[in-house]
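Heads up, the thing below is written out as structure tokens.
Here, each number is a calculation from the coordinates, and none is a lab measurement. None of the values given here were measured: they were computed from a predicted structure. So basically every Cβ, Gly included, is an ideal-geometry build from the backbone, and we count neighbours across all protein chains shown.
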Amino acid sequence: MIRPSRFFIVFAVLAPSCSFAWNDTGHMVVAKIASHHLNAHARQMVDRLAKIGTDAKTDDCVTIACFVDDHKSDKDRHWHYFDTHFRADGKPSTNKGDEENIVWALDKFTNVLRSATATDVEKAEALRYISHFLGDIHQPLHLMARDTDEFPKGDRGGNDFSVGVINDWGANRPIKNLHIAWDFGLGEFPQINRPLTDEDAKRIEDMALTIEKEFPLGKVKVGESMNPSDWGKESFALRDQVYNTREGAFFTADYLKTCRTLIRKQVALAGYRLAELLNRTWK
């Protein structure tokens with residue numbers, strides 16, 4: 001996901017940045033988990049709306065979650081994140097944010113989806129955004145930015161936090177920063193191209209089922225709050241774990257083990273909450 005500086009208006013970050021959240025594979029796993037828990041009406045609506053205004057790469061209940069990154073525009077780049085700034089050195093941060101952010105966008109498109117007057121075209125667009133942003137808001141680095149003396153305006157959600165170069169996670173280019181490393185689930189989500197082959201669709205299904213088995217619905221706190229603001233606060237609260245690695249260094253085995261588990265839990269929550277939001281919309 002490209003985040004040029006003039007569009008990164010949440011907390012006024014001033015340099016260009018590149019990020020996805022998650023990568024295509026992570027987003028498809030979120031959507032696949034959600035698909036397992038849709039009621040009959042919600043599944044019917046998702047299947048129908050997914051065909052409107054899209055293409056063969058994003059026209060079903062799983063690949064729909066990738067549309068927004070495929071077709072990003074100047075209008076919506078800053079809707080993918082809400083970076084709450086913090087400093088680990090105890091100094092205050094005075095960076096301020098913009099009203100249009102991922103929390104604002106999820107509220108906006110949920111209202112469209114539930115509107116009695118919105119057209120199918122408008123609802124299809126809203127569904128694409130919601131399917132994607134439920135994944136984004138559970139990627140912690142889309143909800144935080146670490147401020148330092150070197151980067152007083154923040155590290156752009158970990159984009160300016162360098163890590164040891166990674167070449168073996170299935171990315172199209174070497175992974176060099178914390179944000180991109182998390183987009184790939186710290187190796188959990190190798191890139192899978194679309195349209196999906198039968199083999200790749202099964203890979204997505206297997207990933208989703210494995211995560212659901214580890215974090216089954218009912219054993220994670222899904223429905224206590226369906227407020228996107230609360231989801232964002234949950235993600236921001238993970239900052240100590242996310243940044244518990246030395247800048248410029250390779251990840252330790254302990255970091256990878258701990259944070260990969262955290263990533264799988266976040267993806268499970270995103271999928272379950274997406275299903276819950278859609279089930280409440282289409283009972």
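Determine the relative contact order of the stretch 2-281: mean sequence separation of Cα pairs under 8 Å and six or more apart, normalised by residue count, in whole percent.
Values: 457 pairs, mean separation 77.0, N = 280.
Once normalised by length, the contact order is 27 percent.
Under a 5 Å amide H to amide H cut-off, with H placed in plane at 1.01 Å, what residues pair with ASN177 once short-range neighbours are removed?
VAL163
What is the extension gain from ASP200 to ALA40, computed as 0.36 nm multiplied by their sequence separation minus the C-alpha to C-alpha distance, in nm to one decimal? Before the final figure, lay out the partial values.
On the way: separation 160, 0.36 × 160 = 57.60 nm, distance 2.53 nm.
Full-extension gain reported as 55.1 nm.
Over every pair of different alpha-carbon atoms in the chain, take the mean of 1/r and invert it; report that Kirkwood radius in Å.
On the way: mean 1/r = 0.0531 Å⁻¹.
Final number for the Kirkwood radius of the chain is 18.8 Å.
Got a sec? How would GLU188, GLU99 order by Cβ neighbour count within 10 Å, fewest to most? Can you show the working numbers first?
Working: GLU188 22, GLU99 8.
So the ranking, lowest neighbour count to highest, is GLU99, GLU188.
Could you work out which residue, out of ALA124, ALA31, ALA65, moves most in a Gaussian network model of the chain, that is, has the largest mean-square fluctuation with Cα springs under 10 Å?
Highest fluctuation among the options: ALA124.
In whole Å, what is the distance between the alpha-carbon centres of the stretch 72-116 and the stretch 153-172?
The stretch 72-116 and the stretch 153-172 have Cα centres spaced 21 Å from each other.
Neighbour counts of other C-beta atoms within 10 Å: give me PHE82, PHE189 arranged from fewest to most.
Values: PHE82 28, PHE189 24.
So the ranking, lowest neighbour count to highest, is PHE189, PHE82.
Using the Karplus curve 6.51 cos²θ - 1.76 cosθ + 1.60 with θ = phi - 60°, what ³J(HN,Hα) values do you get for each residue of the stretch 271-276, in whole Hz, with x for Gly and Pro?
x, 5, 6, 4, 4, 5
Where does each of 190-199, 207-216 land if you order them by average Cβ count within 10 Å, highest first? Before the final figure, lay out each step's value.
Numbers: 190-199: 13.4, 207-216: 16.9.
So the order, starting with the most tightly packed, is 207-216, 190-199.
Measure nothing fancy, just the Cα-based angle from helix 120-136's long axis to the longest principal axis of the chain, in degrees from 0 to 90, nearest 10.
Roughly 40 degrees, rounded to the nearest 10.
Quick check: pseudo-label points 7 Å beyond the Cα along Cα→Cβ at ASN172 and PHE250, how many nm apart are they?
Simple spin-label model gives 2.7 nm for this pair.
Order the peptides 23-29, 105-111 from the highest to the lowest mean number of other Cβ atoms within 10 Å of their residues. Provide the component values of the computation, followed by the final result.
Working: 23-29: 28.0, 105-111: 18.3.
Sorting 23-29, 105-111 by mean packing, highest first, produces 23-29, 105-111.
To make sure I understand, if each residue's beta carbon is the centre and we count other beta carbons within 10 Å, what order do TRP79, TRP169, TRP182 fall in, fewest to most? Please report the intermediate quantities before stating the final value.
On the way: TRP79 24, TRP169 19, TRP182 29.
Fewest to most other Cβ atoms nearby, the residues stand as TRP169, TRP79, TRP182.
Residue by residue through the stretch 217-232, which ³J(HN,Hα) values in whole Hz follow from phi under the Karplus form 6.51 cos²θ - 1.76 cosθ + 1.60 (θ = phi - 60°), with glycine and proline marked x?
Karplus values, whole Hz, x for Gly and Pro: 4, x, 10, 10, 7, 9, x, 4, 9, 10, 9, x, 4, 5, 4, x.
Springs between alpha-carbon pairs under 10 angstrom, Gaussian network model over the chain: which of SER35, SER73, SER93 fluctuates most?
Answer for the Gaussian network model of the chain: SER73.
Once the other residues with Cβ under 11 Å from the Cβ of LYS213 are scored (Lys, Arg +1; Asp, Glu -1), what is the net sum? Before the final figure, lay out each step's value.
Details: positive: LYS219, ARG264; negative: ASP206, GLU212, GLU214.
Here the count lands on -1.
At THR94 and THR148, where each label point lies 7 Å from the Cα along Cα→Cβ, what is the point-to-point distance in nanometres?
2.2 nm
Relative contact order for the stretch 150-226 using alpha-carbon pairs under 8 Å, separation at least 6, rounded to a whole percent?
Details: 46 pairs, mean separation 14.3, N = 77.
Normalised by residue count, the contact order of the stretch 150-226 is 19 percent.
Using amide H atoms built 1.01 Å from N in the peptide plane, name the residues 5+ places from HIS36, or on other chains, whose amide H lies under 5 Å from its own.
none
Under a GNM of the chain (C-alpha, springs under 10 Å), which listed residue has the highest mean-square fluctuation: ALA34, ALA171, ALA270?
Evaluated over the chain, the most mobile residue of the options is ALA171.
For ASP47 and SER225 in the same chain, what is the full-extension length gain: residue separation times 0.36 nm, less their Cα-Cα distance, in nm? Intermediate values should be presented prior to the final figure.
Working: separation 178, 0.36 × 178 = 64.08 nm, distance 2.63 nm.
Between ASP47 and SER225, full extension yields an extra 61.5 nm.
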